[in-house]
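S.K.: First, the structure itself, so that you have it in front of you.
The values are calculated or read from the model by the stated rules, or taken from the named source; none is laboratory data. Note that this is a predicted model, so its numbers are computed, not measured. Cβ placement follows ideal geometry from the backbone for every residue including glycine, while neighbour counts extend to all protein chains displayed.
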Amino acid sequence: MAASAGDAPARFYRVALKTPWWVAAGVFILALGPAIADDGWSLKPSDKALQVSGEMPDPLNVSGLASVANGRLVIVGDELRHGLQTGRLDLEHGRIVVDQGEFVLLKGNKKELDLEDVSADPRHHCYYACGSCGVSRKTGEPAPNRQWLFRIETDPTTGAPLPAKVTRASLAAALRADAFLAKYLDRDADDMGIDVEGLAFKDGRLWVGLRSPNVDGRGIVEAASADDLMAGKPVVFERFELRLGPNLGIRSIEPIKDGFLLICGPTGSKPSKKLPFSLCFWAGSGERVLRVGELPRPPVSPGGTDTGGKPEGLLVVSETSEKLGLIVVSDSADNGAPTLYEVTRPPHP
C-alpha cells in the first residue's frame, strides 16, 4: 500500500489538563476501591504532540494499535467491515503516517468486525486482533462477525503485514467452552454480557481483558495458549479476577517487562456511564492493581464531528526500569486523538 502522507490535513493532539470535578472530589478513588494505590507511580502528558498524516477509513472509531518492528503500525477500529489500518510511527518527527485504504482480513463481510484491540508478537513477526464477542447493540442478538480472533503475519525484514498470511479462529467458541465464561456470552452489557476490549500477547499466551462482566467488583483477564486458540484446540483459560471496584472493566491491556499496563473504565452498564478512565499496573498474577493515573477524555475537536473520546487503546513505545513512554488512542475522537504520555514508576529489579 502506498503511504498517503499529506493526502489529508494533519491534526495535532494533546490532552486537556483540566481535572474533572469528580476526580478532585475523590470519587475516582472510591470507585476503584482500596486495592488501587499510587505506590510511587505517576502519569503525565508528554510535552510532544503527535501529528496524524493520511486518511483513516473510519477516523472516529479507533480502538487499538500495535507495532511489531521498524516503526510499522497496525490500527484497529470497531466499525470497519473488512480489516484494519496500517501505517508507521515516526516519533522523531512526532507523527503517525497512515497508509491509504484498508488492509483486508475478511473479504465480503457485511457487518463490522468490531475489532477492539490488537497486540504484537515481535519474536514471531505477527499481530493478533480480536472482536468484542459482544451481542449486537441494535438487536441484542449474538453477532458472529464480532467473534473472530485474527493472526496476521508480517515480513520479517520490513514489518509490513502480509495479506496472504492471515488466519482466523473463533474466540467466542473458545470462551463458550469455559463453564464460567459461557454463562455471560450472548448477553447485553446491562446484563453482565461478555465484551472483550483488551488483547495482549506475552509468554506464548494471549491475555484477554474483559470490559464486561464485572463480577462483585472484579474485572476479568483470561489467558490461554495463542497457538492452541488459533488452531481451534480445546483450551483451559487461566482466569484472573482483578479488584477494580464496581462497574469498571478493562478497556485495553499492554504487556511490559514485569506485568501489564491496563486502561480501566466503564463496563458499559448504565451505572458505569459517568465513571472515569485510568491507567493501571497489574503484575500479571493476583488480584491487586495499582493506579498509575487518570486518563482524561480528549476534548472535542473545534469544528470536528467527534463527540468526546473514550481512552481505549495503548502502545508502549519506550521502557526502562523507571520510565515508560506511551501512546493512548481514544474511540469517538478524531483519528483516535493519539496522545503521548510519560510514566514514572518505582525502580524494580
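S.K.: Which residues, taken from the stretch 125-145, are assigned to a loop (DSSP other than H, G, I, E, B), within 17 Å of Gly268 (Cα to Cα) and among the small types (Gly, Ala, Ser)?
M.R.: Ser132, Gly134, Ser136, Gly140
S.K.: Right, here's the next one. Tell me, yes or no, whether the stretch 21-34 has at least one residue that is in contact with a Lys or Arg (Cβ under 7 Å, 6 or more places away or on another chain), at pLDDT below 50 and farther than 30 Å from Asp121 by Cβ. Write out each step before concluding.
M.R.: Residues of the stretch 21-34 that are in contact with a Lys or Arg (Cβ under 7 Å, 6 or more places away or on another chain), as a first pass: 32-33.
Narrowing the set further to residues that are at pLDDT below 50 leaves 32-33.
With farther than 30 Å from Asp121 by Cβ added as a condition, the list becomes 32-33.
Yes; the residues of the stretch 21-34 include at least one that is in contact with a Lys or Arg (Cβ under 7 Å, 6 or more places away or on another chain), at pLDDT below 50 and farther than 30 Å from Asp121 by Cβ.
S.K.: May I pose another question? Please tell me if Phe240 is of a type in the set (Phe, Trp, Tyr), within 15 Å of the chain's Cα centre (by Cα) and either part of a loop (DSSP other than H, G, I, E, B) or modelled with pLDDT of 95 or more (or both).
M.R.: So Phe240 fails the test.
S.K.: From the list Ala177, Ala160, Ala172, Ala189, exactly one residue is out of contact with any Pro (no Cβ under 9 Å at 6 or more places or on another chain) and small (Gly, Ala, Ser). Which is it?
M.R.: That would be Ala160, the only listed residue that is out of contact with any Pro (no Cβ under 9 Å at 6 or more places or on another chain) and small (Gly, Ala, Ser).
S.K.: With the structure loaded, tell me whether Lys323 is surrounded by fewer than 20 Cβ atoms within 10 Å (Cβ to Cβ) and either under 27 Å from Val74 (Cα atoms) or of a type in the set (Gly, Ala, Ser) (or both) or whether it fails that test.
M.R.: The answer is yes for Lys323.
S.K.: Any residue at all in the stretch 292-300 that's of a type outside the set (A, V, I, L, M), assigned to a strand (DSSP E or B) and under 30 Å from Phe180 (Cα atoms)?
M.R.: no
S.K.: On to the next question. Could you grab me the full set of residues in the stretch 312-342 that are over 21 Å from Phe201 (Cβ atoms) and in a strand (DSSP E or B)?
M.R.: Across the stretch 312-342, the qualifying residues are Lys323, Ser330, Asp331, Thr339, Leu340, Tyr341, Glu342.
S.K.: Further question on the same structure: Can you name every residue in the stretch 57-74 that is assigned to a loop (DSSP other than H, G, I, E, B) and crowded, with 24+ Cβ neighbours inside 10 Å?
M.R.: The answer is Val62, Ser63, Val68.
S.K.: Of the residues that make up the stretch 303-320, is at least one touching a Gly at 6+ places or on another chain (Cβ under 6 Å), within 20 Å of Ser119 (Cβ to Cβ) and crowded, with 20+ Cβ neighbours inside 10 Å?
M.R.: Within the stretch 303-320 (the criterion being touching a Gly at 6+ places or on another chain (Cβ under 6 Å), within 20 Å of Ser119 (Cβ to Cβ) and crowded, with 20+ Cβ neighbours inside 10 Å), the answer is yes, since at least one residue qualifies.
S.K.: Run down Arg211, Arg205 and say which single residue is within 15 Å of the chain's Cα centre (by Cα) and either within 23 Å of Leu105 (Cβ to Cβ) or aromatic (Phe, Trp, Tyr) (or both).
M.R.: Exactly one of Arg211, Arg205 is within 15 Å of the chain's Cα centre (by Cα) and either within 23 Å of Leu105 (Cβ to Cβ) or aromatic (Phe, Trp, Tyr) (or both), namely Arg211.
S.K.: In addition: Given the criteria in contact with a Lys or Arg (Cβ under 9 Å, 6 or more places away or on another chain) and either surrounded by fewer than 17 Cβ atoms within 10 Å (Cβ to Cβ) or touching a residue at least 24 places away in the same chain (Cβ under 8 Å) (or both), does Leu185 qualify?
M.R.: Against the criterion (in contact with a Lys or Arg (Cβ under 9 Å, 6 or more places away or on another chain) and either surrounded by fewer than 17 Cβ atoms within 10 Å (Cβ to Cβ) or touching a residue at least 24 places away in the same chain (Cβ under 8 Å) (or both)), Leu185 qualifies.
S.K.: Give Leu106, Leu113 a once-over and let me know the one that is in contact (Cβ under 8 Å) with a residue 40 or more places away in the chain, farther than 16 Å from Ile327 by Cβ and assigned to a loop (DSSP other than H, G, I, E, B).
M.R.: Details: Leu113 fails: in contact (Cβ under 8 Å) with a residue 40 or more places away in the chain.
Among Leu106, Leu113, only Leu106 is in contact (Cβ under 8 Å) with a residue 40 or more places away in the chain, farther than 16 Å from Ile327 by Cβ and assigned to a loop (DSSP other than H, G, I, E, B).
S.K.: While we're here: For the stretch 144-178, give me the residue count where each residue is buried (at least 22 other Cβ atoms within 10 Å of the Cβ) and within 25 Å of Met192 (Cβ to Cβ).
M.R.: Going through the stretch 144-178 one residue at a time, the tally reaches 7.
S.K.: For the stretch 72-90, name all the residues that are modelled with pLDDT under 95 and over 16 Å from the mean Cα position of the chain (by Cα).
M.R.: Passing the criteria: Arg81, His82.
S.K.: Output the residue which, of all residues in the stretch 92-119 that are touching a Pro at 6+ places or on another chain (Cβ under 9 Å) and of a type in the set (Gly, Ala, Ser), is nearest to Val74 (Cα to Cα).
M.R.: Here the residue is Ser119.
S.K.: Check the stretch 240-261 and report whether any residue there is loosely packed, with under 15 Cβ neighbours inside 10 Å, within 30 Å of Thr139 (Cα to Cα) and either in contact with a Gly (Cβ under 9 Å, 6 or more places away or on another chain) or not basic (Lys, Arg) (or both).
M.R.: No: the stretch 240-261 contains no residue that is loosely packed, with under 15 Cβ neighbours inside 10 Å, within 30 Å of Thr139 (Cα to Cα) and either in contact with a Gly (Cβ under 9 Å, 6 or more places away or on another chain) or not basic (Lys, Arg) (or both).
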